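Here's the structure, in structure tokens; my notes come after.
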């Protein structure tokens, strides 16, 4: 009974960690540019595919992950540079379509480069399950949770302790004022895309041994990441992380106790219920509108 | 000068240009079959017509009321499956099933609209996206009722003992329904309701201050657009004879929104043109084979970057500029 619950909790925590990374990516970009980047899932896909295919051709795993991460960051910067930056004053819906166009484009390129079939990435440290108080846990889950935790802490340190991070926070609070004190806000947008891409790609490569890698792997992960970010209140980094874990755990519990067929619906039911009562998410600022 | 140009393009056209453009639409619908020589071309025209009907409705919501929906394929899907299930499984007359679908979508969207339309921008996008995805997951999962991921067969549309069959017949059905949809939409836009909607789009707070019941008009636009989608879905189900949950999923919703924005927001004919172009485009792009997705993505990205207002308003703007020069 308890073991079963723990089992669901652990698997929820694992997938929730990935949602948290994706949600954090959404938040970072949203803060810098007020854009919801629907290509966030594609960063995850690039990480997963690069790690799987590069290791298969003999590249050592850490290097493969780094290469995937670097590739995703480059793609992120290009997307920011050639689309988002040029459409600064476009409406919300236009910007959404631009990033969706980018995601279709990236999936198309990925299919061309890597093909449509599922790629397998070996688990990082074997597949012998670890017994945790009666529940069994794949070692890869520890990798996922551990990597996510390290990344989230690193992002926290970056935003609160470094000059570049503080400059980015300042930009998200007041773009014009940030510009006036000499912050290069255009570079802030580019850095935000690079950071989000790195988060997504590393998340994708550590989760790949569990989910397999395929060119469409980023679609649902990206949408759930968006759900996580909205659940926590858009632009709220810690909120997005909490949102991701909540969505992941609720999904695993829902799949275990209610219906596994409706697993993917859980996240969206939660977000609808939350938005009904809290229109700015769980931890979002209740905005007053300036007229 | 710029100010004047801006008001000219956003104001609704006077009655006579409206009649003129309706006549032009009728003429295009009437003469198009002369150019479409085979059933494959007719089929694409019909599919474009279905998309156009949905987009004309969706444009009222996105273009006029200024609200996003990333879930309208869900309403299209409910209409399609209402017809599929009621007619094929339970033997209802198709027209009754179509109406039942439209009424249930109307009630559902009405109930959802009030709490959901309080949300702003990306939060609204999230909520509508969630609704659409939930609908498509239900359609995929309730296999006993819907046939699951493989979809279900739908009987043909019969009315007064007459069976609608073949591309030629359906072309005229869709053409007439599209014409009616455009006519309704133009009437609505030119009525006080349309004026109120535009005020909501311009500034919700300002509209409220001058006494516009903004919530009511937003709900109205949401319900009307959902019902348009449902009716199109019902007819679509009878036309193709096979419906799958993919017709209700996130990508279909995105496709619909893209059509509206691509053609031109706040322009009924823009929505029609967007629907037609983006239905034809993927067919045309099949010549690129493996590259078709890449080309489609690139076209979406760059048209939106360079023409954020969409095709028709951009062209109208250029023409207006030329005239003044």
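Every number here is computed from the coordinates shown, using simple stated rules; none is lab data. Just so it is clear, the model here is predicted, and its values are computed rather than measured. Here the Cβ positions follow ideal geometry from the backbone for every residue, glycine too, while neighbour counts run over all protein chains shown.
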C-alpha long axis of helix B:15-35 to longest principal axis of chain B, angle in °: 40 degrees
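Going by C-beta contacts inside 10 Å, put B:17, B:240, B:143, A:14 in order with the fewest on the left. Could you put the intermediate results ahead of the total?
Working: B:17 10, B:240 19, B:143 13, A:14 24.
Listing B:17, B:240, B:143, A:14 from fewest to most nearby Cβ atoms yields B:17, B:143, B:240, A:14.
Taking 45 Å as R0, compute the FRET efficiency from the Cβ-Cβ separation of residue A:261 and residue B:325 and round it to 0.05.
On the way: r = 62 Å, r/R0 = 1.37.
So, using R0 = 45 Å, E works out to roughly 0.15.
Is there a simple number for the mean count of other chain Cβ atoms within 10 Å of the Cβ of residues in A:105-114, and what is it?
Details: counts 10, 3, 3, 10, 4, 2, 4, 4, 0, 0.
For peptide A:105-114, the averaged partner shielding equals 4.
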Förster radius 41 Å - calculated FRET efficiency between residue A:82 and residue B:16, Cβ distance, rounded to 0.05: 0.40
Taking A:112, B:60, A:275, B:34 and counting other C-beta atoms within 10 Å, the order from fewest to most: B:34, A:112, A:275, B:60
Spin-label model distance (nm) - residue B:95 vs residue A:150, 7 Å beyond Cα toward Cβ: 6.9 nm
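With a 10 Å radius around each residue's Cβ, average the other Cβ atoms per peptide and rank A:86-92, A:17-23, highest first. Write out the running numbers ahead of the final one.
Numbers: A:86-92: 16.1, A:17-23: 31.1.
Put in order of decreasing packing, that is A:17-23, A:86-92.
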Nearest-ten-degree value, helix A:2-33 long axis tilted from longest Cα axis of chain A: 20 degrees
Degrees separating the helix A:61-79 axis from the principal Cα axis of chain A, which is the longest one: 30 degrees
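Can you compute the helix-only [θ] at 222 nm over chain B? Use -39500 (n - 2.57) per DSSP H run of at least 4 residues, normalise by all residues, nearest 500 deg cm²/dmol.
On the way: 15 runs with 241 residues, N = 325.
Helices in chain B give a 222 nm mean residue ellipticity of -24500 deg cm²/dmol.
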Ranking of A:69, A:147 by count of other Cβ atoms within 10 Å, fewest first: A:147, A:69
Gap separating the Cα centres of region A:192-227 and region A:74-93, nearest whole Å: 20 Å
For region B:72-104 and region A:1-60, distance of Cα centres in Å: 39 Å
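Other chains' Cβ within 10 Å of A:264-271 residues: what's the mean?
Details: counts 6, 9, 2, 3, 10, 4, 1, 5.
Average per residue, whole number: 5.
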Average beta carbon contacts from partner chains per residue of B:129-141, 10 Å cutoff: 5
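Nearest 500 deg cm²/dmol is fine: what mean residue ellipticity at 222 nm does chain A get from its DSSP H runs of n ≥ 4 alone, each adding -39,500 (n - 2.57), divided by its residue count?
-24000 deg cm²/dmol
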Simple spin-label estimate for residue B:150 and residue B:162 in nanometres, 7 Å along Cα-Cβ: 3.6 nm
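Give the calculated FRET efficiency between residue A:220 and residue B:191 to the nearest 0.05, with a Förster radius of 41 Å applied to their Cβ-Cβ distance.
Working: r = 42 Å, r/R0 = 1.03.
Here the calculated transfer efficiency is 0.45.
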